[in-house]
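Report on the following structure.
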Amino acid sequence: MRVSANVLLLAMSFFLGCQTQKGNISNKEKAFKPGSIWNDNNGEVINAHGGGILYINKTYYWYGEKRGKSASEGVAVYSSKDLYRWKNEGIALAKSNDRNSEIAVGGLVERPKVIYNAKTKKYVMWFHLELPNKGYSAARAGVAVSDKATGPFVYLKSFRPNGHMSRDMTLYVDDDATAYHIYSARENYDLRITKLTDDYLSATTEDTLLFSSHREAPAVFKKDGLYYLITSGCTGWAPNKASLHTSTSLFGPWKLVEDPMNGPLAEKTFNGQSTYILPIAGKKDAFVFMADKWNPKDLKDSRYLWLPIQFKDGKPLITWQDAWNLDAFNQ
Ligand code: DGJ
């Protein structure tokens, strides 16, 4: 009797194992647990901070800062078909060992974002670049390019867009495939936007001040023709209150509206800081708010806070949940 129970268990786990390999997901795996440790397919902790996600060819690619205790170790990339299970695809953009390189070890590569240019068939990465051993004084935008989503990306250049300092940033591609760089300028007092060139590799001179409220960590989404922009305050790695602006044009005017965070620690963005807003492929009006819960004593141990954006009376609401899954968008 005992033997047959064991055999049954073995057969069941073999069956479940095969199912998982075939792509079926277990209920246990089908959950986002904000703030807990998230592992990749190798059972290693995912190291992709200040990140963003590109969806292409039915695959999500998550790019983020690979961090050591404090060191910046380049840009990591993970892939997933379902957003729950992530395959480590290695280093998308490696730091250079050439001391003369702008991305040499000792400098910072922060908040990488990748977009795909259908005309040039290139994957284009922008990030906040700080030069080796110069703290946060360089304040430049860096650009790298690749033929493949997983890289390796080749570093091209860095600059201050139209002469403006450029620290925290995001990229946004609009419905007409025009891309934009939204960035913290003037010691983070200004938030600005630049339209990119058609190949996405450079900034055009269409560059506008959005507002001067001392904000960083911009993250954008669009719903029903209205753009939503979430930002954080500027308190280093420490969490603060998020703010939400809306506009019918990316170039503004932007209107400050109610902070959408809701629940315990909402006034501190649940101890996190915005990094990206992910539209769920194939689901209308389904967006995931992505934030980092930074651990400045050990940056690689910073955690991920992903929460669904819901709409109540037409206004976005981001409510804390210990665990949730994509069924939240079916309700
Ligand atoms: C806040 C920024 O949002 C982060 O990306 C990082 O640059 C820290 N400041 C450094 O203190």
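The values are calculated or read from the model by the stated rules, or taken from the named source; none is laboratory data. Fair warning: this is a prediction, and the values are worked out from it, not measured in the lab. As a convention, Cβ positions derive from the backbone with ideal geometry for all residues, glycine included, and neighbour counts pool all protein chains shown. Heads up: the accessible areas ignore ligands, DNA and RNA and are worked out on the full protein's heavy atoms, side chains in. Shrake-Rupley method; radii C 1.70, N 1.55, O 1.52, S 1.80 Å.
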*Subset of segment 69-85 (residues that are surrounded by fewer than 21 Cβ atoms within 10 Å (Cβ to Cβ) and touching a Ser or Thr at 6+ places or on another chain (Cβ under 8 Å))*: Ser79, Ser80, Lys81
*Could you grab the pairs with beta carbons closer than 9 Å, sequence gap of 6+ or different chains, first residue in segment 63-83 and closer than 20 Å to Leu326 by Cβ, second one acidic (Asp, Glu) and open to solvent by 10 Å² or more (accessible area, probe 1.4 Å)?*
Tyr78/Asp40; Tyr78/Glu89; Ser79/Glu89; Asp82/Glu29
_Any residue at all in segment 144-154 that's surrounded by fewer than 18 Cβ atoms within 10 Å (Cβ to Cβ), within 16 Å of the ligand (Cβ to nearest atom) and either part of a strand (DSSP E or B) or at pLDDT 95 or above (or both)?_
no
*Is it fair to say Leu210 is in contact (Cβ under 8 Å) with a residue 40 or more places away in the chain and more than 19 Å from Gly52 (Cα to Cα)?*
yes
*Please find, within segment 200-232, the residue that is most open to solvent (accessible area, probe 1.4 Å) out of those that are in a loop (DSSP other than H, G, I, E, B) and away from the ligand (no atom under 16 Å from the Cβ).*
Asp224
*asked:* So, restricting to strands (runs of 3 or more DSSP E) that lie completely within segment 254-295, which ones have at least 3 residues that are surrounded by 17 or more Cβ atoms within 10 Å (Cβ to Cβ) and in contact with a Cys (Cβ under 6 Å, 6 or more places away or on another chain)?
replied: none
_I'd like to verify a number: residues in segment 182-191 that are open to solvent by 10 Å² or more (accessible area, probe 1.4 Å) and either more than 16 Å from the ligand (Cβ to nearest atom) or assigned to a strand (DSSP E or B) (or both), how many?_
1
_Among the residues that make up segment 290-298, is at least one of them of a type in the set (Lys, Arg), modelled with pLDDT of 95 or more, within 16 Å of the ligand (Cβ to nearest atom) and over 19 Å from the mean Cα position of the chain (by Cα)?_
yes
*Answer residue from segment 70-109, given it is more than 21 Å from Asp40 (Cα to Cα) and not in a loop (DSSP other than H, G, I, E, B) and is nearest to the chain's Cα centre (by Cα) among those*: Val109
*asked:* Only one of Lys113, Lys66, Lys134 is open to solvent by 30 Å² or more (accessible area, probe 1.4 Å), within 16 Å of the ligand (Cβ to nearest atom) and in a strand (DSSP E or B). Can you tell me which?
replied: Lys66
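Matching residues to (1) modelled with pLDDT under 95; (2) closer than 23 Å to Gly272 by Cα; (3) among the hydroxyl-bearing types (Ser, Thr, Tyr):
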site	(1), (2), (3)
Leu9	yes, no, no
Glu44	no, yes, no
Gly51	no, yes, no
Lys69	no, yes, no
Ser80	no, no, yes
Leu83	no, yes, no
Glu89	no, no, no
Asn97	yes, no, no
*Trp237: within 16 Å of the ligand (Cβ to nearest atom) and either open to solvent by 50 Å² or more (accessible area, probe 1.4 Å) or assigned to a strand (DSSP E or B) (or both), yes or no?*
yes
*If Ala179 satisfies every condition in (1) open to solvent by less than 20 Å² (accessible area, probe 1.4 Å); (2) among the aliphatic types (A, V, I, L, M); (3) within 14 Å of the ligand (Cβ to nearest atom) but one, which is the exception?*
(3)
*Among the residues of segment 120-130, is any within 16 Å of the ligand (Cβ to nearest atom), more than 21 Å from the chain's Cα centre (by Cα), within 27 Å of Arg192 (Cβ to Cβ) and part of a loop (DSSP other than H, G, I, E, B)?*
no
*Working only within segment 24-59, note down all residues that are in a loop (DSSP other than H, G, I, E, B), in contact (Cβ under 8 Å) with a residue 40 or more places away in the chain and of a type in the set (Ser, Thr, Tyr).*
Ser36
